[in-house]
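Have a look at the structure below, then the notes.
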Amino acid sequence: MFLPQGPKTPPLVQLIQWIANPFALMESCAQRYGDWFTLKVGLNYRPLVYVNSPQLLQEILTNDTYKQFDAPGEMNEILTPLLGNSGVMMQSGDRHRRHRQLMVPPFHGDRMKAYGDIITEITQQVISRWNPNQPFSMRDSMQAISFNVILQAVFGLREGESYQQIEKLLYDMLELTNSPLKASQLFFPFLQRDLGAWSPWRKFLRQKQHLNQILQTEIEARRANPDPARTDILSLLMAARDEAGEPMKDEELRDELITLLVAGHETTATALTWALYWIHKLPEVRQKLLAELDSLGDTPDHNAIVRLPYLNAVCSETLRIYPIGMLTFPRVVRSPVTLLGQQLEPGTVLVGSIYLAHHRPDLYPEPKQFKPERFLERQFSPYEYLPFGGGVRRCIGAAFALFEMKLVLATILSNLELSLANNRPVRPMRRGLVSAPTRVEMVMTGRRKRAEGAEGAEEAEGEKRSQYTGKNSLTTNY
Ligand code: HEM
């Protein structure tokens, strides 16, 4: 069976490199082998063909509806410990399509826009807890925002004891895989063993069980008090019937909720953390953004914010340079297909390397530089720029995530002066199955008064910056 070339190192070495430094491994392979290569890093060292040329990505992602290529849920089994077996990511074929049909509409159009006020309100609440001149972890704050936003979308509520418990449990569970070393547990199933009271996996299993119980209680409470006026996603999922007229089983409902809670907040929180890092690392980016935001006046309309070209370019460049999902989910060849003159046999597994596609110098000159302007100067096709993947598994929350990013950034930048707390280098690293920056610490240096002209804004900025004392204490800020 043909497989594109790849490193000759033993599969275990490849897998360790993939876990420890996925970016370096992909880059060295792309340099050596070009548009596609094979790494033996799937579960049980299964070979995966990494694809990064837009032509190949287009070929695969426009034909992944079960005939030539497929996107089977079983291929995502690495996520099962966290997300269970019954959510959308684990479904295949028609079942997968039905799950998506239910879940896509609430995250688009007017239903999505209805969350605008909630997003800005939650942002205001979280940033009001930042104490001046005290360094804090930007990720924790962004996670607090995105978690509350997704809770509102999924449950229609964000306050109450059970929601606090859900937040804490999810946070702890995700922390269990937040470094390359800890993420090994996901890649080596033999590490997923309960080795006694203090073993990390026992802890993880207990937390997962507890989370399931809370969600089950929530589902039962809804069932006991149905309210047809509710439009949150749990209500929609509970009201849905399949072609045989059957409702979703409780296990399916639970897994779907966990999928949305995890996929819908970690990723957006990471994107926001990176965006705020770049904006404050590069003063000219911040100045341009502030000038654009100020041009909208004191109380800008959400639609106007979302349409701002430079803000859009900053969000796009943030998701280009270090895409949070480094890869698409796997696609499997179903019937023999010829790519780059080679016939691939059924069963061959391919993944789109979003990171490598975004770092092709033919598309993105100086790919390591953060340059929002590239998105103003030209348009990229969905196979050249694909932070949300593509085809049948394209991210359900893509529009929602961008909407949220823009409103959160606009709210923070318009109201506060921030700066990076130190010059420590910030790099991308593995966080579970996705990527994230190493710690980004920032300080709030003052409130921002919107000035009439850009000069005024700069003056206000200079004044507030000088107040920063550079204190380096640990903080109770979010
Ligand atoms: C910046 C934020 C986000 C990024 C970068 C991101 C990225 C991705 C990527 C790369 C995929 C795989 C697509 C493929 O295989 O072709 C994906 C799938 C998915 N995303 Fe997102 N995502 C983000 C936010 C969200 C949000 C806010 C939600 C929920 C509201 C969400 C829910 C999902 C789901 C459910 C899937 C699986 C779809 C399926 O299996 O059919 N994501 N996302």
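Coordinate-derived values only; no laboratory data. Owing to the predicted nature of the structure, the values given are computational and were not obtained by experimental measurement. Heads up, the Cβs are rebuilt from the backbone with ideal geometry, glycines too, and the neighbour counts pull from every protein chain shown.
Tell me, what HN-Hα J-couplings in whole Hz come from the Karplus equation 6.51 cos²θ - 1.76 cosθ + 1.60 at θ = phi - 60° for each residue of the stretch 341-355, using x for Gly and Pro?
Each residue's phi maps through the Karplus curve to give x, 10, 8, 9, 8, x, x, 5, 9, 10, 10, x, 8, 5, 4 Hz.
What is the stretch 372-454's relative contact order, in percent, from Cα pairs under 8 angstrom and six or more apart in sequence?
Reported as a whole number, the value is 24 percent.
Of the beta bridges DSSP finds with both residues in the chain, what % are antiparallel, to the nearest 5?
Restricted to the chain, the bridges split so that about 85 percent are antiparallel.
Among rounded, prolate and oblate, which fits the stretch 94-241 when a ≥ b ≥ c are the square roots of the eigenvalues of its C-alpha gyration tensor, a/c under 1.5 means rounded, and a/b larger than b/c means prolate?
oblate
I'd like the distance separating the alpha-carbon centroids of the stretch 375-434 and the stretch 26-72, in whole Å.
Measuring centre to centre over Cα atoms gives 23 Å.
Quote the relative contact order of the chain in percent (integer), defining contacts as alpha-carbon pairs under 8 Å separated by 6+ residues.
Worked out over the chain, it gives 25 percent.
For A269, what charge total do you get from the other residues with a beta carbon under 14 Å from its beta carbon, if Lys and Arg give +1 and Asp and Glu give -1?
Local charge sum for A269: -2.
Which FRET efficiency, nearest 0.05, do F2 and R100 yield, Cβ-Cβ r, R0 30 Å?
In this case the efficiency is close to 0.40.
Based only on other Cβ atoms within 10 Å, what is the fewest-to-most ordering of D250, D255?
D250, D255
Test of understanding: ordering E167, E77 by Cβ neighbours within 10 Å, fewest first, what list do you get?
Least to most surrounded, the residues fall as E77, E167.
Please compare each pair in K113/K281; K182/K208; K40/K371 to a cut-off of 23 Å on the Cα-Cα distance and tell me which ones are over it.
K113/K281; K40/K371
Which whole-Hz couplings ³J(HN,Hα) result when phi for each residue of the stretch 78-86 is put into the Karplus expression 6.51 cos²θ - 1.76 cosθ + 1.60, θ = phi - 60°, listed in order with x for Gly and Pro?
Calculated HN-Hα couplings, in order: 4, 8, 4, x, 7, 9, x, 9, 10 Hz.
Gap in Å between the Cα centre of the stretch 314-373 and the Cα centre of the stretch 143-165?
Each part reduced to its Cα centre gives a spacing of 33 Å.
Find out how many positive minus negative residues lie around R307, taking Lys and Arg as positive, Asp and Glu as negative, among other residues whose Cβ is under 13 Å from that of R307.
Computed value for this residue: 0.
Give the aspartates and glutamates reachable from K368 as a straight Cα distance under 17 Å; neighbours fewer than 8 places away on the same chain don't count.
Filter leaves E27, E317, E384.
Select from the stretch 367-418 those GluC sites (Glu not before Pro) which occupy a DSSP coil region and have at most 14 other Cβ atoms within 10 Å, ordered by residue number.
Sparse-neighbourhood loop GluC sites (Glu not before Pro): E373.
Within the chain, which DSSP H helices have Cα atoms that stretch 30 Å or more along the helix axis and a mean Kyte-Doolittle hydropathy of at least -1.0?
Helix filter hits for the chain: 250-281.
Along the charge dipole of the chain, which of L327, V392, T231 sits closest to the positive end, that is, farthest toward it, with unit charges on the beta carbon of Lys, Arg, Asp and Glu (+1, +1, -1, -1)?
So the residue furthest toward the plus end is L327.
For n ≥ 4 DSSP H runs only, could you compute -39500 (n - 2.57) per run for the chain, divide by its residues and tell me the 222 nm figure to the nearest 500? Each step should come with its number before you reach the end.
Details: 20 runs with 236 residues, N = 478.
Theoretical 222 nm ellipticity from helices: -15500 deg cm²/dmol.
What is the projected area of the convex hull of the Cα atoms of the stretch 11-465, averaged over all directions, in nm²?
22.7 nm²
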